[in-house]
Amino acid sequence: MSHQTVIVLDFGGQYNQLIARRVRECGVYCEVKPYTTPLEQLKAMEPIGFIFTGGPNSVYDEKAPHVDPAIFELGVPVLGICYGCQLMAHTLGGQVTAAQEDTAREYGKTETYYDTTCKLFKGLPEQGISWMSHGDYMAKVPEGFALTAHTDACPNVAIADEKRGFYGVQYHPEVNHTQHGVDMIRNFLYEVCGATGDWTMGDYKNTAIRDIREKVGDGKVLLALSGGVDSSVAAALLAEAVGKQLTCVFVDHGLMRKNEGDEVEAAFARWDINFVRVDAEARFLLKLAGEAEPERKRKIIGEEFIRVFEEEAKKIGRVDYLVQGTIYPDVIESGAGDAAVIKSHHNVGGLPDYVDFKEIIEPLRLLFKDEVRQLGRELGLPEYLVMRQPFPGPGLAIRVIGDLTKEKLDTLRDADAIYREEIAAAGEDKNINQYFAVLTNTRSVGVMGDGRTYDYTLALRAVTTSDFMTADWARIPYDVLDRISTRIVNEVKGINRIVYDITSKPPATIEWE
Ligand code: XMP
């Protein structure tokens, strides 16, 4: 089945995949193509619209990326964003210059005034914040274009030639800071390009499965399943696509939360794949025995993980493909211009060096976290797995402060399970991005019944954050905290005191170790 397609033409900007994601969010299929793609190839995709992205260059730079001017003769609407807008103006006979100091150079949130008779702004407020990031100025707009938005500093932050369906904006409608930015993109798609909204996550799934089958053929595929959202969704996708050709190795290091290992195993029972669960708790605990220093713990766990995985991989023999659950935010882009260097952060660091395989497959590479979750639902993964909050690779080993024992881990598991249960029951899980319990290595005196206790202090941590680089402590209602505290001290042996962590990051980090 073919879909209406929008092409995002990539000029090396920061937000290219975000634009694509916004288009998908509006129910329209979209592909990002480099600006160097030959026009014939773009034409063959029969796009209903083009979106030109931003980019680090100035159109008048010698090496600035350009487009074949014939793209404007195809009768296909174009939305130019930032550099894309300037490029369109430049190519169609306008004039773009470096902005003079303090005049038309704008960065950040800017009050903007829109002409709502322009299709791009139809039905939207006449005034709002837009996110600017441009140092260049359109001194002269091309013939046929009208000015459709302005700021106090700049008369032409949006231009439109409605007859030909050409629109340009100097700001970034795709970022959250621009109020109604997504609505503007939706207007472009539906009011200008004639989109019908024929694209869903179900279609995405089917296309991804088809592509994987084509690539893998009858080859063997290996995947390290951690139980996190990304590796689970990648595993489900591969399971659906190639079934028995897939081997999932799930290294159960015994440092997971309560019931987590069984939940992961159960979630994959419905697929006919080779599912290997390695019970490695004893060997991890042995390696970690007596080790109290956080970075050493991490290192030991990372190394042991690779050892176990390597042993399992050896049993399978040579595989053709290794799957990784890398998602778009893991793909850190650095460098400038069209020669951007892309580094990727692998969920299981270092694995490829130890396993004999031909190629890596990263089927989630272009998706954002919430899209990954949606795809997981589409694949029939249970909600508790799809909505799982981030969980560090070293697991509970860095949430038991100081040296580890199985007993301490079990105590933490029970307390953490109660904490999570009560937070969910109170509906607070919708407002909190990550929450967990920490077993401190401090003991204090308490009284229970008529007797003295000398037990551990448990710390509760809960944060709100969008990027996990900075975070604020969550304002959990006192009565919810009270219920959690009462239940934990009553139900979990070995804990007689509960404290709530009220530090943000920075200066603290989210995890305690
Ligand atoms: P911090 O503690 O640095 O945590 O504020 C930020 C986010 O990263 C997670 N985290 C880890 N994830 N391996 C991981 O895979 C680790 O060693 C690790 N340490 C912290 C943490 O849970 C939070 O989401």
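The values are calculated or read from the model by the stated rules, or taken from the named source; none is laboratory data. Everything quoted here is computed from the prediction, not taken from an experiment. Virtual Cβ from ideal backbone geometry, glycine too; neighbours counted across all protein chains shown. To get the accessible areas, we keep the full protein, side chains included, count just its heavy atoms, and leave off ligands, DNA and RNA. Shrake-Rupley method; radii C 1.70, N 1.55, O 1.52, S 1.80 Å.
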Go through segment 136-163 and report how many residues are more than 33 Å from the chain's Cα centre (by Cα), β-branched (Val, Ile, Thr) and outside any strand (DSSP E or B).
1
Could you give me the residue pairs with C-beta distances under 6 Å whose first residue belongs to segment 142-165 and is of a type in the set (S, T, N, Q), whose second residue is in a loop (DSSP other than H, G, I, E, B) and surrounded by fewer than 20 Cβ atoms within 10 Å (Cβ to Cβ) wherever it lies, and which are 6+ apart or on separate chains?
THR148/ASP115
Checked against (1) outside any loop (DSSP other than H, G, I, E, B); (2) more than 13 Å from the ligand (Cβ to nearest atom); (3) of a type in the set (Gly, Ala, Ser), ALA397 satisfies every condition except (2)
Where a residue in segment 33-57 is touching a residue at least 12 places away in the same chain (Cβ under 8 Å) and its partner, wherever it lies, is among the basic types (Lys, Arg) and exposed (fewer than 12 other Cβ atoms within 10 Å of the Cβ), with Cβ under 8 Å and at least six apart:
ASN57/LYS63
Enumerate the strands (runs of 3 or more DSSP E) found wholly within segment 1-52, keeping only those where 3 or more residues are modelled with pLDDT under 95.
29-34
Just to verify a result, which residue in segment 439-471, among those that are at pLDDT below 95 and among the acidic types (Asp, Glu), is farthest from ALA508 (Cα to Cα)?
ASP450
For ALA282, are the conditions met, namely being open to solvent by 60 Å² or more (accessible area, probe 1.4 Å), small (Gly, Ala, Ser) and either touching a Gly at 6+ places or on another chain (Cβ under 8 Å) or at pLDDT 95 or above (or both)?
yes
Across segment 427-438, what is the number of residues that are modelled with pLDDT of 95 or more and away from the ligand (no atom under 16 Å from the Cβ)?
2
Output the residues belonging to segment 429-445 that are open to solvent by 30 Å² or more (accessible area, probe 1.4 Å) and not hydroxyl-bearing (Ser, Thr, Tyr).
ASP429, LYS430, ASN431, ASN433, ASN441, ARG443, VAL445
Within segment 480-513, can you find the residues that are hydrophobic (A, V, I, L, M, F, W, C) and either under 19 Å from VAL400 (Cβ atoms) or more than 16 Å from the ligand (Cβ to nearest atom) (or both)?
VAL480, LEU481, ILE484, ILE488, VAL489, VAL492, ILE495, ILE498, VAL499, ALA508, ILE510, TRP512
Step by step: first the residues of segment 301-318, then only those that are within 28 Å of the chain's Cα centre (by Cα) and among the β-branched types (Val, Ile, Thr), then the one that is modelled with the lowest pLDDT. Which residue is that?
ILE306
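Condition check ((1) charged (D, E, K, R); (2) surrounded by fewer than 21 Cβ atoms within 10 Å (Cβ to Cβ)) across all residues:
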| position | (1), (2) |
| --- | --- |
| VAL6 | no, no |
| PHE11 | no, no |
| ASN16 | no, no |
| VAL23 | no, no |
| CYS26 | no, yes |
| LYS33 | yes, yes |
| THR36 | no, yes |
| GLU40 | yes, yes |
| LYS43 | yes, yes |
Pairs under 8 Å by beta carbon, first residue farther than 23 Å from LYS297 by Cα in segment 486-513, partner in a loop (DSSP other than H, G, I, E, B) and away from the ligand (no atom under 16 Å from the Cβ), six or more apart or different chains?
TYR500/ILE476
Being free of Cβ contacts under 8 Å to residues at least 24 places away in the same chain and either on the phi > 0 side of the Ramachandran plot or crowded, with 18+ Cβ neighbours inside 10 Å (or both) is the requirement here; does GLY449 meet it?
yes
Residue in segment 252-279 that is farthest from THR405 (Cα to Cα), counting only those that are surrounded by fewer than 18 Cβ atoms within 10 Å (Cβ to Cβ) and out of contact with any helix residue (DSSP H, G or I) (no Cβ under 8 Å at 6 or more places or on another chain)
ARG270
For segment 458-479, give me each residue that is within 15 Å of the ligand (Cβ to nearest atom), surrounded by fewer than 18 Cβ atoms within 10 Å (Cβ to Cβ) and under 26 Å from ARG413 (Cβ atoms).
THR464, THR465, PHE468
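Can we say LYS119 is among the charged types (D, E, K, R), touching a residue at least 60 places away in the same chain (Cβ under 8 Å), within 24 Å of GLY144 (Cα to Cα) and in contact with a strand residue (DSSP E or B) (Cβ under 9 Å, 6 or more places away or on another chain)?
So LYS119 passes the test.
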